[in-house]
Number of protein chains: 2
Amino acid sequence: MPQMKGIRQLAKHLDISIGTVSRALNGRPDVNEETRKRVLAAAEELGYVANQSGRSLRQGTTNVIGLMIESSKETVENSDNFFLGVTGGLQSVLSRHKLDLLMLPCPNDEDPHEYLKRMVARRIVDAMIISATQRVDKRIDLLVKAKIPFVALGRSTSGGNHTWIDLDFEGVAACAVDRLVSKGHRRIAIAAPSNDINLGYIFVDAYRQSLERHGITYDPSLVIRVKSSEQGGYQAGHELLRLDSKPTAIILIYELMAIGLYRRLNEAGIVPGRDLAVIGFREEPRGKFLQPSLTCFRMSLRDLGVELAETLLATMPAYAEHYPKGARNTIWPLELAPGESDAFSLST
Amino acid sequence: MPQMKGIRQLAKHLDISIGTVSRALNGRPDVNEETRKRVLAAAEELGYVANQSGRSLRQGTTNVIGLMIESSKETVENSDNFFLGVTGGLQSVLSRHKLDLLMLPCPNDEDPHEYLKRMVARRIVDAMIISATQRVDKRIDLLVKAKIPFVALGRSTSGGNHTWIDLDFEGVAACAVDRLVSKGHRRIAIAAPSNDINLGYIFVDAYRQSLERHGITYDPSLVIRVKSSEQGGYQAGHELLRLDSKPTAIILIYELMAIGLYRRLNEAGIVPGRDLAVIGFREEPRGKFLQPSLTCFRMSLRDLGVELAETLLATMPAYAEHYPKGARNTIWPLELAPGESDAFSLST
DNA sequence: ACGCTTTCCGGAAACGTTTTAGTATGGCAG
DNA sequence: CTGCCATACTAAAACGTTTCCGGAAAGCGT
């Protein structure tokens, strides 16, 4: 049996109808257990696997979950192992339901909305996970209209109340501010991304609220808008040094900024952790490689992937029974990973 | 026109046959230019995109290229932005041919060979790029037998002479050894991965040959087999310190090892670049974040992606005409990125 | 007017699968 | 013996598209 042409060949080889073969393979009830065994054995022997095109054409389903990611220069530099780490957790859940994960990398010269539209129209996935959602994100309306179950990684105001999971920026900002204030700092700067990413707004808002909770008035001049890169960090250090009334602490939203900041501080003879308290955001993959080590926040990418998968399955009618999630929106916590960079204290 | 059910609706709306609509959309010659314009306009207006299942069922092609990656813990920690970086280059080429890229992440509890078999049987991709090839890799035989065009990222001895691209480990090893020898070093250690990955063997072989070219006899005790992780690097530092006749330089195959090595050296009061010369392998994303900065090697991930895509297209009959590549195997060069960690010199 | 080619389009088959409807068989109660 | 249900199967329709084949209309040289 060199060539497996399809289910027809398999049926002929077994001398039964193709309908029965199909039902046997798909675990349908109305097939003799004896027959099923024979079919399964023959399929295994001949290496038959159902053609996905024919299958999904007929039943309108693909058993594939899509994870849309962007490969822009900035994403590559800042997300790093993020997606790879998350996929581990995703798959550990999805594989239990015989679902496969496909990563859809949006070309960086193409509009993410157009890309997603094309992928959706192709009907290659049953459900989607989209990441890096913007404050207003057309992709969400698209998915809602196309009636494709999805979860957004990152909150958004688009498309009514869709399901999303986001990192606990408020918690992180509050924890960082609390920690710095408890060390006596009053003038705390923050380096935020200058682009339109949602994270920037939320983080700075939370930073502001945390300050005010401590009775510290929010000073807009301490919010330094720079690129989310090493250069941005350098620039942030530069801006910081030019302020009339210098802050004694700074919070960085991207840990990549830290390297640039350290460099600029070094040029000025300022030592992080001794002359200025520095707290970063995400640990991986570079936070702990700096000298002095960066105080920052940590989370389990794998666990986040598990949560994402379970949330997604809860939105898919065919699987929802196993995952009766109440909450449609989840705030994912991060844990403080203390380092040396915020050792500088004003308390006596 | 709320619901687009398919080409049939579109044809009815235009009052022409579905055959003509299909030919118009696919750019076939035998259709009036006037008609084609009308069809295109209507398709755009109604948001019609051909259902991929029906399409690929009929013509046995999907216009999708698969990139198989592994999301094992080790891959996540060491590959980092590697795949995301490469996809940028891949897509810049593929999109010119209206090909889409799909990343197939193999669950880390599943045998890569079984996973690939399933994906291939599904006929969801027209061609494949596989990565992290082993010395003997069953996936290659599988793809050859299934007659699926593919390129392996990493050389292998399986499956006759298939097409592959690999990093220039020989060049890197030679460059590192030459550089260290020129600074007077004679006892040069190497920290290599303890698992079966191809890279380990090739790299150490090249290291050995480079040494012998300089008339230095290869000393197996200087080859330290450790895990490709921070802990591995720490372990390597430990082993190094226990050697009777201590090396004056060390080459690290994974830059992630450097952080652990630095830590162990620091405990022993040894400063990299002053008391011991250290050279790492890949720069991104952590090499330059260390203090003192790590001398290591650098490459353009995007360019590598472009090369991969062009090589793959050359193996696909439908596209080969545009990419008449001669060489089926490519060694991808890396460039030295000097840092401070190998400043230690024995020359007078 | 005729035959020929070219241009354009409609009809229908085909891709591989799942699923619906229908059928033969046998058991069992009436 | 008849009617009825359960079981296990077959036959055929359906999914949406592309492509082969044939044919109508038009152009053109004779």
**Q.** Those residues of region B:256-309 which are of a type in the set (Lys, Arg), in contact with a helix residue (DSSP H, G or I) (Cβ under 6 Å, 6 or more places away or on another chain) and open to solvent by less than 50 Å² (accessible area, probe 1.4 Å), in sequence order
**A.** B:Arg264, B:Arg286
Q: Answer with yes or no whether B:Lys5 is in a loop (DSSP other than H, G, I, E, B), farther than 21 Å from B:Lys98 by Cα and free of Cβ contacts under 8 Å to residues at least 40 places away in the same chain.
A: yes
Q. If you go through region B:271-285, how many residues are under 15 Å from the mean Cα position of the chain (by Cα) and at pLDDT 90 or above?
A. 0
Q: Could you list, in sequence order, all residues of region A:229-258 that are in contact with a Phe, Trp or Tyr (Cβ under 9 Å, 6 or more places away or on another chain) and closer than 24 Å to A:Asp178 by Cα?
A: A:Gly233, A:Gly237, A:Thr248, A:Ala249, A:Ile251, A:Leu252, A:Ile253, A:Tyr254, A:Glu255, A:Met257, A:Ala258
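Condition check ((1) among the β-branched types (Val, Ile, Thr); (2) open to solvent by 60 Å² or more (accessible area, probe 1.4 Å)) across all residues:
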| residue | (1), (2) |
| --- | --- |
| B:Asp168 | no, no |
| B:Val172 | yes, no |
| B:Leu180 | no, no |
| B:Arg186 | no, yes |
| B:Ala191 | no, no |
| B:Leu199 | no, no |
| B:Ala206 | no, no |
| B:Gln209 | no, yes |
| B:Arg213 | no, yes |
Q.
Which residue is farthest from the other protein chains (Cβ to nearest Cβ), if the candidates are limited to region A:113-136 and must be touching a residue at least 12 places away in the same chain (Cβ under 8 Å), open to solvent by 60 Å² or more (accessible area, probe 1.4 Å) and not in a strand (DSSP E or B)?
A. A:Arg135
Q) Restricted to region B:328-346, and to residues that are aliphatic (A, V, I, L, M) and open to solvent by 70 Å² or more (accessible area, probe 1.4 Å), which residue is farthest from B:Ala258 (Cα to Cα)? A) B:Ile331
Q. So which of B:Arg186, B:Arg139 is assigned to a loop (DSSP other than H, G, I, E, B), basic (Lys, Arg) and more than 30 Å from B:Val49 (Cβ to Cβ)?
A. B:Arg186
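For every residue, the table says whether it meets (1) more than 25 Å from A:Asn51 (Cα to Cα); (2) within 16 Å of DNA strand D (Cβ to nearest atom); (3) assigned by TED's automatic domain parsing to the domain that holds B:Ala314; (4) free of Cβ contacts under 8 Å to residues at least 40 places away in the same chain.
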position: B:Lys12; (1), (2), (3), (4): yes, yes, no, yes
position: B:Thr20; (1), (2), (3), (4): yes, yes, no, yes
position: B:Pro29; (1), (2), (3), (4): yes, yes, no, yes
position: B:Arg36; (1), (2), (3), (4): yes, yes, no, yes
position: B:Ala43; (1), (2), (3), (4): yes, yes, no, yes
position: B:Ser71; (1), (2), (3), (4): yes, no, yes, yes
position: B:Phe83; (1), (2), (3), (4): yes, no, yes, no
position: B:Gly89; (1), (2), (3), (4): yes, no, yes, no
position: B:Val93; (1), (2), (3), (4): yes, no, yes, no
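Looking for whichever is small (Gly, Ala, Ser) and modelled with pLDDT of 90 or more here; the options are B:Ala318, B:Ala337, B:Ala327. Which one fits? Step through it out loud before you land on a result.
Values: B:Ala318 fails: modelled with pLDDT of 90 or more; B:Ala327 fails: modelled with pLDDT of 90 or more.
Every option except B:Ala337 fails the conditions.
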Q: Tally the residues that are within 14 Å of chain A (Cβ to nearest Cβ) and more than 13 Å from DNA strand C (Cβ to nearest atom), restricting the search to region B:10-60.
A: 6
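The values are calculated or read from the model by the stated rules, or taken from the named source; none is laboratory data. In this text, all values refer to a predicted model and were calculated from it rather than measured experimentally. Glycine gets a Cβ as well: all are built from the backbone with ideal geometry, and neighbour counts include every protein chain shown. Accessible surface areas use protein heavy atoms only, side chains included; no ligands, DNA or RNA. Shrake-Rupley method; radii C 1.70, N 1.55, O 1.52, S 1.80 Å.
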